[in-house]
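Report on the structure given below.
Computed from the coordinates by the stated procedures, all read-outs in this text should not be read as laboratory data. All values derive from a computational prediction rather than experimental measurement. Here Cβ is always computed from backbone atoms with ideal geometry, including for glycine, and neighbour counts include all displayed protein chains.
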Amino acid sequence: MKRTTIGLDIAKRVFQVHAVDHETGEVVRRQLKRAEVLEYFAQLPAALVVMESCGTAQHWARELTKLGHEVKLIAAQFVRPFVKTNKNDAADAQAIWTAAQQPEMRFVAIKTPEQQAILALHAIRQRLMKNRTAYVNQLHGLMAEFGVCLPRGWRAMLPQAVAALGEEESPIPGVLRTELQRQIERIKEVSAQMTDVERQIGCWKRKERECERIAAIPGVGPLTATAAVATIGDARTFKSGRQFAAYLGLVPRHSGTGGRVQLLGISKRGDTYLRTLLIHGARGVLSRMEPAAKNTWLGRLASRRPNNVATVALANKMARQIWALMAYRRTYEPNYATVATATVAKEST
């Protein structure tokens, strides 16, 4: 028996349900309060519940799965084209239901509470890093107004800033010194908090075998490995490594008609944070590339293309490698292509 498909538009307090009865064709539209959602779905037979991937969607997906329903999440950009007229809760729920009927629709993986917690730690660390950068830049600018030039880098800058503020004949007026000293303490406090968050992320990485396998890829560190595992969830959600790279926005946009296709720059869609980590990792690999690596794929690419192009190409390859290791549960082999080619040649002879 075919299960009923239910489109559920979620919000903070008001939820909208849209479904169609297979036997009668009756359209069911119902508005639910937050406290009524689980009670309503607990009374329904097992169904396919489809939601838009937005805030709190992961929580509701896990709760509805516990009730025996199959839950799928659709990215908001794939739901929007199916909104017929004006935007409202009922139209959004109907658009979600319609989008779920498309044969080639792509869905978002449902994350475990641990995976979502790790992504939350990454978000906290990123916010702390932005706050520290803002404090450091402000300290640079304010002290430069009084002729105190501080070096780059917050680690090298803090001792000199403390020394400049502690001098008896400091050019900085006393009315400002106290606040600048508090600014320095804020930088130290934020840095210590960042270190604690990174320690928690590192502990989770050491417990997860997939993180350890991924971290063997050159350019993939603890932050990238944990963010990748927590973001991907189930690797089989993506059909191929290229689809995962496209999800991260590491493949070129294209525009064409009449059989003529023009390739443009990378799309920059999907997960901005993970894409940034991969590009930074790729840039680190390129900067430390040994002279002996000039005959490799990366060396030849770097010699004939701009540095940023080679960096993005390597980040794309790293994303595909991450997907392959997770999807097929393999360990990283530096010369995998060479070994595979040699094996095939040996078997053919």
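Spread over its residues, the convex hull of the C-alpha atoms of segment 214-348 is 152 Å³ per residue.
The charge dipole of segment 1-67, taken about the Cα centre with unit charges on the Cβ atoms of Lys, Arg (+1) and Asp, Glu (-1), comes to about 260 debye, rounded to the nearest 20. Cα centroid separation, segment 41-96 to segment 190-252: 27 Å.
Could you tell me which of rounded, prolate or oblate describes the chain, using a ≥ b ≥ c as the square roots of the eigenvalues of the alpha-carbon gyration tensor, with rounded for a/c under 1.5 and, failing that, prolate when a/b is larger than b/c and oblate otherwise?
Details: a/c = 2.19, a/b = 1.33, b/c = 1.65.
Oblate shape, in that a/c is at least 1.5 and b/c is the bigger or equal ratio.
Sorting 154, 323, 297 by the number of Cβ atoms found within 10 Å of their own Cβ, with the fewest placed first, yields 297, 154, 323. Does anything in segment 294-319 have its amide N under 19 Å from the 7 Å Cα→Cβ label point of residue 269, and if so which residues? Hits in segment 294-319 for residue 269 at 19 Å: 313, 316-317, 319. Scanning residues 5 or more positions from residue 4 or on other chains, those with amide H under 5 Å from its amide H are 48, with H placed 1.01 Å from N in the peptide plane. Computed about the Cα centre, the dipole magnitude for the chain is approximately 1060 debye when only Lys and Arg (+1) and Asp and Glu (-1) carry charge, each at its Cβ.
If I take R0 = 30 Å and measure r between the Cβ atoms of residue 22 and residue 83 in this structure, what FRET efficiency does the formula 1/(1 + (r/R0)^6) give, to the nearest 0.05? Show your work: numbers first, answer last.
Working: r = 24 Å, r/R0 = 0.80.
The calculated FRET efficiency here is 0.80.
Extending 7 Å from Cα along the Cβ direction at residue 198 and again at residue 276 yields two label points whose distance is 1.6 nm.
Rounded, prolate or oblate, given the Cα gyration tensor of segment 5-100, with a/c below 1.5 counting as rounded?
Numbers: a/c = 1.43, a/b = 1.15, b/c = 1.25.
In terms of gyration-tensor shape, rounded.
3J(HN,Hα) couplings calculated from phi for segment 257-271 with the Karplus curve 6.51 cos²θ - 1.76 cosθ + 1.60 (θ = phi - 60°) are, in sequence order, 7, x, x, 9, 10, 10, 7, 10, x, 5, 6, 6, 8, x, 7 Hz; Gly and Pro show x. Distant-in-sequence amide contacts of residue 249, defined by a placed amide H-H separation under 5 Å and a gap of 5 or more residues or a different chain, comprise 269. Fewest neighbouring Cβ atoms within 10 Å first, the residues 273, 40 line up as 40, 273. In the chain, the DSSP beta bridges split such that about 65 percent are antiparallel, to the nearest 5.
With only Lys, Arg, Asp and Glu charged, each at its Cβ (+1 for the first two, -1 for the last two), find how big the charge dipole of segment 113-207 is about the Cα centre; round to the nearest 20 debye.
On the way: 14 positive and 10 negative charges, 143 e Å.
Rounded to the nearest 20 debye, it is 680 debye.
Report the calculated FRET efficiency for residue 239 and residue 160 (r = Cβ-Cβ distance, R0 = 56 Å), to the nearest 0.05. According to the calculation, E is roughly 0.55. Under 5 Å from the amide H of residue 74 lie the amide H atoms of 51, 52, 53, 108, each residue being 5 or more positions distant or on a separate chain, with H modelled from the backbone and absent for Pro and chain starts.
In the distance distribution for segment 113-207, Cα-Cα pairs more than 23 Å apart total 36 percent.
When each of 303, 267, 240, 53 is scored by the number of other beta-carbon atoms lying within 10 Å, the sequence from fewest to most is 303, 240, 267, 53.
Considering only 163, 144, 107, and ranking their Cα positions along the charge dipole of segment 77-212 that arises from unit charges at the beta-carbon of Lys, Arg, Asp and Glu, the one farthest toward the positive end is 107.
Classification of segment 229-278 by its C-alpha gyration tensor yields an oblate form. The axis ratio a/c (a ≥ b ≥ c) is 1.5 or more, and b/c is at least a/b. Only lysines eight or more places from residue 72 in sequence, or on another chain, were considered; those with a Cα closer than 25 Å are 2, 12, 33, 84, 87, 111, 239, 268.
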